[in-house]
Amino acid sequence: MVHLSDVTKYYGKKRALGPVSFEIERGDTVGFLGLNGVGKTTLLKILACGLRPSSGTVTIDGLDILDEPHEVRKRVGYLPELPPVYGDMTVGDYLNFAGRIRGLTPEAVARRIPEVEEYARIAEVHDMPARNLSQGYRQRVGVAQAIIHDPDLLILDEPTHDLDPVQIMEMRGMIRALKDSHTILISSHILPEISQTCDRLLILNDGEVVASGTEAELGDTLLRSRGMVVTVRPVGTAGADGSVGGDADAGGAGDAAAQATIEALERVIQSVPGVTGVRLPDRPARAIASAGALAIRVDGEADVRAPVCRALVEAGHDVIGLTRAERELERVFVELVGGAEA
Amino acid sequence: MGATGIIFRREFGAYVRSPMGYIVAAVVLLLDGILFYALALGPRTGELLSGEVLMRFFYYASGLTAIAAVALSIRLIAEERAAGTQLLLNTSPVRDWEIVLGKFLSALAFLSAITVATLYMPLMILVNGKIAFGHIVVGYLGLTFLGAAVLSIGLFATALTRHQLVAAASASVITGTLFLLWPLSQMVGPPLSRVFAALAIHGRHWAGFQQGLFHLRDIVYYVALTYFFLYAATKVMEAKRWE
């Protein structure tokens, strides 16, 4: 569907993008992830036929964007970071204009407007001047204009820009609903937005694609560290109503016993080859006292799930839960674009 | 309806919906009315022939039409760039000349509506004096040609920038220069005087319309000037579309 080959964009002597090369299959939902200013908007504007690349070729649906821009534009819906909404028009008139300007007949656009209004949940503001809309509604109207002509490729630049948490959830829902019928490209620097809506990620840094793949692939192959949370019921702990050496808040001998158990757990895990870090929750003794178990974050150079579990069981502890560590994507992101310690 | 018609409707609607369109119309009509009162209904009315009153009306109306044309045109593209709505047009399958033509025609239609609203003044001269109806028709055609030419200059200026003030300054400088060519042509000798006179927007080419005389060369001049600046505006749009 989308093919880029050695695409660059220079503003004067300053390189804003590239060289980048990648392909996107029809039906994919791809997220472009990167810090502000790394070239995401430049890339999306090129794909939307709004910016000429300095070099390289871009084809969409087999059509070169420079040779046949109008044919490409018919196939693309584009929501810029700032929705291109005319404040003086009502929402209905604006959608009519957006549809007609993209080649829909009056009959087709009249049929399509109620569909996209229902889809974007903006029917109630149909007759309202766009200048009176809240940011959330403006963004939804922006999505509606981008899909009014039912394009094959939908490009959304920071679609949750300036939205409140409820509006962000609604926007994610809209994007998920669009996935079935469109190839979608989304840019964002907000990680959950990308990870929750996209099948595949392209991470940009300094104008170049530094990594691509699914969230799991990025976590597995690039970070070279598999974070996990292992939930352990320490030896001698019966359950939620039991305790290790008594109530942790009771002080005295109880505290000392709990602390000894926790330190023993840490030693067992750290003794496993490949483990690079062990992080306990705040107030571990209280966690054991109240839940009878402790959720410990374990990082390793490789996949250390099996040896860690084995070591814990051999030491007499019960492993009652094992999950991938949350915020894995953030670690990948920071590792790739910032070089900071994850 | 093609893209030109769709853009025409949107832009004409923008004039009707915005206060700016009404402010320009109100100022032009007020000043036209004051000048007409001073020239036609004032204390020295008896000294002028009705034909001379009409010529003076067209003379001042031409200046106001030019100012109104600059005021109406400067928002056409600069405002879109500033608001980000230009991206909608730039990423739609619309050709640059269709955008330019649609915007130009909308501004011309609104300017013509303002101009037509002054018609009651020459009609009063027609009823109370001795003038030919054709003189009125030719005079208004002249205002339309002049307005179209200045609108095209304004459209070129607004295509250059995202700042309406910069567009206004650019359009004023170009239009003012073309106005000044006529008095300059009186000050220099040939062949420069002939060149200046031929290029002046207000002088030889306007005088015929003002007097109710229809010269093909004047029409060709205004059409050519309008075409030149619309073409230039289209080229600017093409150059900036992919930026």
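Say we join alpha carbon atoms closer than 10 Å with springs in a Gaussian network model of chain B; which of B:A157, B:A200, B:A149 then has the biggest fluctuation?
Largest GNM mean-square fluctuation: B:A200.
Treat the count of other C-beta atoms within 10 Å as a stand-in for reagent exposure and order B:M121, A:M128 from fewest to most.
A:M128, B:M121
Over chain B, what is the mean sequence separation of C-alpha contacts under 8 Å (at least six apart), divided by residue count, expressed as relative contact order in percent? Intermediate values should be presented prior to the final figure.
Values: 298 pairs, mean separation 61.8, N = 243.
Relative contact order comes out at 25 percent.
Work out how much length B:Y59 to B:A113 would gain on full extension: take 0.36 nm times their residue separation and subtract the Cα-Cα distance, in nm to one decimal. Numbers along the way, then the final one.
Working: separation 54, 0.36 × 54 = 19.44 nm, distance 1.86 nm.
Computed gain between B:Y59 and B:A113 is 17.6 nm.
Tell me which trypsin sites (Lys or Arg not before Pro) from segment A:71-132 have a DSSP coil assignment and no more than 16 other beta carbons within 10 Å of their own. Walk me through the numbers on the way to the answer.
Details: sites: A:R73, A:K74, A:R75, A:R100, A:R102, A:R111, A:R112, A:R121, A:R131; in loops: A:R102, A:R121.
Taking segment A:71-132 and a limit of 16 other Cβ atoms within 10 Å, the loop trypsin sites (Lys or Arg not before Pro) found are A:R121.
Determine which lysines satisfy two conditions relative to A:K9: a Cα distance under 25 Å, and not lying fewer than 8 residues away in the same chain.
A:K40, A:K45, A:K74, B:K235, B:K240
Under a GNM of chain B (C-alpha, springs under 10 Å), which listed residue has the highest mean-square fluctuation: B:A117, B:A171, B:A66?
B:A117
Hey, rough spin-label estimate for A:Y10 and A:E115, points 7 angstrom out along Cα→Cβ, what's it come to in nanometres?
The modelled label-to-label distance comes out at 4.5 nm.
Comparing A:T160, A:T105, A:T197, which has the greatest mean-square fluctuation in the GNM of chain A with Cα pairs linked when under 10 Å apart?
Between A:T160, A:T105, A:T197, it is A:T105 that shows the largest mean-square fluctuation.
Label 7 Å along Cα→Cβ of A:E124; segment A:168-182 residues with amide nitrogen under 15 Å?
Correct set: A:170.
Spelling out what I want: for every residue of segment B:213-228, take phi, set θ = phi - 60°, compute 6.51 cos²θ - 1.76 cosθ + 1.60 (Karplus), and round to whole Hz; glycine and proline get x.
Those phi angles translate into 9, 9, 10, 4, 4, 6, 5, 4, 4, 5, 5, 5, 4, 4, 4, 4 Hz.
As a test of the formula, what do you get for the protein assembly as shown when each DSSP H run with n ≥ 4 contributes -39,500 (n - 2.57) and the sum is divided by the residue count, at 222 nm and rounded to the nearest 500 deg cm²/dmol?
On the way: 23 runs with 310 residues, N = 585.
Mean residue ellipticity at 222 nm (helix-derived): -17000 deg cm²/dmol.
Pop the C-beta distance of A:A315 and A:E217 into the FRET formula with R0 = 25 Å and round what comes out to the nearest 0.05.
Numbers: r = 34 Å, r/R0 = 1.34.
Once rounded, the FRET efficiency stands at 0.15.
Would you pull out the residues with amide H under 5 Å of A:Y78's amide H, same chain only if 5 or more places away, H placed 1.01 Å from N?
Residues meeting the criterion, in which the H sits 1.01 Å from N, are A:I155.
Please work out the C-alpha center-to-center distance from segment A:133-169 to segment B:117-168 and express it in whole Å.
43
What is the fewest-to-most order of A:T214, B:T91, A:T59 by other Cβ atoms lying within 10 Å of their Cβ?
Details: A:T214 13, B:T91 27, A:T59 18.
Ordered by Cβ neighbours within 10 Å, fewest first: A:T214, A:T59, B:T91.
Grab the other residues whose beta carbon is less than 10 angstrom from that of A:A293, score K and R as +1, D and E as -1, and report the net. Before the final figure, lay out each step's value.
Numbers: positive: A:R233; negative: A:D318.
Combined, the nearby Lys, Arg, Asp and Glu give 0.
Would you pull out the residues with amide H under 5 Å of A:V210's amide H, same chain only if 5 or more places away, H placed 1.01 Å from N?
Here the answer is A:I203, A:L204, A:N205, since their amide H atoms fall under 5 Å of that of A:V210.
Coordinate-derived values only; no laboratory data. Note that the structure is predicted; figures quoted are calculated from it, not measured. All Cβ positions, even for glycine, are placed from backbone atoms using ideal geometry, and neighbour counts span all protein chains on display.
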